[in-house]
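The values are calculated or read from the model by the stated rules, or taken from the named source; none is laboratory data. What you see is a predicted model, and the numbers here were worked out from it, not measured in a lab. Virtual Cβ from ideal backbone geometry, glycine too; neighbours counted across all protein chains shown.
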Amino acid sequence: MKVLIATEKPFAKVAVEGIKKELQEANFEVALLEKYSAKTELLDAVKDANAIIIRSDIVDKEVLNAAKELKLVVRAGAGYDNVDLSEASDKGVCVMNTPGQNSNAVAELVFGMLIMAARNNYNGTAGGELKGKKIGIHACGHVGRNVVRIARGFEMDIYAFDPFANGEEMKKEGVTMVNSVEELYSTCNFISLHLPFTPETGKSINADLVNRMPEKGVLINTARKEIIDEESLIDLLGKRKDLKFYTDIKPSTSEMFTKLFAEEGRYFETPKKMGAQTAEANINAGLAAAKQTVEFLKDGIAKFQVNK
Ligand code: 3PG
């Protein structure tokens, strides 16, 4: 059995060593494809793989067609919108993720970006503090819950909108659950996005919603670029000179955002998605992926399958 680790954005070295060890101890052959720049490299590498461990790497129909021996795709991370689930199901390939494993890292980055925005990119001018401000968490999955935990330490007022969350549990964690997404945006100084990208959430963060934010509102995106209606947000940032947008995922119109708003310190993007890019998150998600791979290939255990 051959397992391919295909990561355009590599895991930390220590995580790769751990993943390899886990797989080799189970007597699997391990191949590593890192930092590849052409899709053909992936197409070639998957040819004889029985399982692949990926991050945000695109596993589409072409990749699945090339992977004739494939039985399993493990997305070492939370979001799996980079995998063609229905094509995988048609081919009898199981797809899994590793929920929760990198969520603290992403939540910590939210606060890195929040402080940077609140302190005017450390440009010497008087900024603001997080303490006592209202933070709105748009969707309370693993990352959202970690944001709640950290926000408590900053003594922020915590609000959230998530129709699927357990309201009672969230209340116990000190969160005020609001009844509508509009209310969340109208209430909060800072909004942190934690929605997955689905047909329902695509472009759902638009000017109408963000314009509801109070003066000096900050929108933080560590989720997916596809959930933002970029055109309308550009339009809004042009009109509302008090708003800031900080993102860990380069928008499709990144150049436009940068040209119009970066210099005034109202737009910031990480050069590469950095949320889950810590040694700890890589070890957690990578090792979980390796363990899930072993369990599946040896015993058929399909825990965390997402394409049932
Ligand atoms: C996830 O969905 O787990 C995060 O967005 C992290 O993605 P990455 O592994 O590509 O950094």
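Would you point out which residue out of E280, E200, E230, E269 is in contact with a Pro (Cβ under 7 Å, 6 or more places away or on another chain) and modelled with pLDDT of 95 or more?
Every option except E230 fails the conditions.
Restricted to the range 88-104, and to residues there that are more than 13 Å from the ligand (Cβ to nearest atom) and β-branched (V, I, T), the residue that is surrounded by the most Cβ atoms within 10 Å (Cβ to Cβ) is V95. Might you let me know whether the range 201-214 holds any residue that is surrounded by fewer than 16 Cβ atoms within 10 Å (Cβ to Cβ) and closer than 20 Å to I135 by Cα? Within the range 201-214 (the criterion being surrounded by fewer than 16 Cβ atoms within 10 Å (Cβ to Cβ) and closer than 20 Å to I135 by Cα), the answer is yes, since at least one residue qualifies. Taken together, the residues in the range 74-87 that are more than 13 Å from the ligand (Cβ to nearest atom) and either buried (at least 22 other Cβ atoms within 10 Å of the Cβ) or part of a loop (DSSP other than H, G, I, E, B) (or both) amount to 1.
Within this structure, K225 fails the test of being more than 16 Å from the ligand (Cβ to nearest atom) and in the same structural domain as V181 (by TED's automatic domain parsing). Of the residues in the range 131-143, none is of a type outside the set (V, I, T), outside the structural domain of A223 (by TED's automatic domain parsing) and within 16 Å of the ligand (Cβ to nearest atom). For the range 19-52, taking the residues that are outside any strand (DSSP E or B) and β-branched (V, I, T), the one that is surrounded by the most Cβ atoms within 10 Å (Cβ to Cβ) is identified as I19. Can we say K291 is surrounded by fewer than 16 Cβ atoms within 10 Å (Cβ to Cβ), modelled with pLDDT of 95 or more and more than 16 Å from the ligand (Cβ to nearest atom)? No, not satisfied. If you go through the range 244-256 and keep only what is in contact with an Asp or Glu (Cβ under 7 Å, 6 or more places away or on another chain) and away from the ligand (no atom under 13 Å from the Cβ), you end up with P251, S252, T253, S254. Inside the range 160-199, can you point out the residues that are among the polar types (S, T, N, Q), in a loop (DSSP other than H, G, I, E, B), over 15 Å from R224 (Cβ atoms) and in contact (Cβ under 8 Å) with a residue 40 or more places away in the chain? Selection gives N189 alone. All of (1) in contact (Cβ under 8 Å) with a residue 60 or more places away in the chain; (2) within 16 Å of the ligand (Cβ to nearest atom); (3) out of contact with any Gly (no Cβ under 8 Å at 6 or more places or on another chain) hold for V218 with one exception: (2). Filtered by the rule that a residue be within 30 Å of V83 (Cβ to Cβ) and aromatic (F, W, Y), the range 164-208 gives F164, F197.
Looking only at residues in the range 267-286 that are surrounded by fewer than 21 Cβ atoms within 10 Å (Cβ to Cβ) and away from the ligand (no atom under 14 Å from the Cβ), which one is nearest to F28 (Cα to Cα)? Filtering the range 267-286 for residues that are surrounded by fewer than 21 Cβ atoms within 10 Å (Cβ to Cβ) and away from the ligand (no atom under 14 Å from the Cβ), the one nearest to F28 (Cα to Cα) comes out as E269. When the range 2-18 is limited to residues that are more than 19 Å from L70 (Cα to Cα) and hydrophobic (A, V, I, L, M, F, W, C), the one that is surrounded by the most Cβ atoms within 10 Å (Cβ to Cβ) turns out to be F11.
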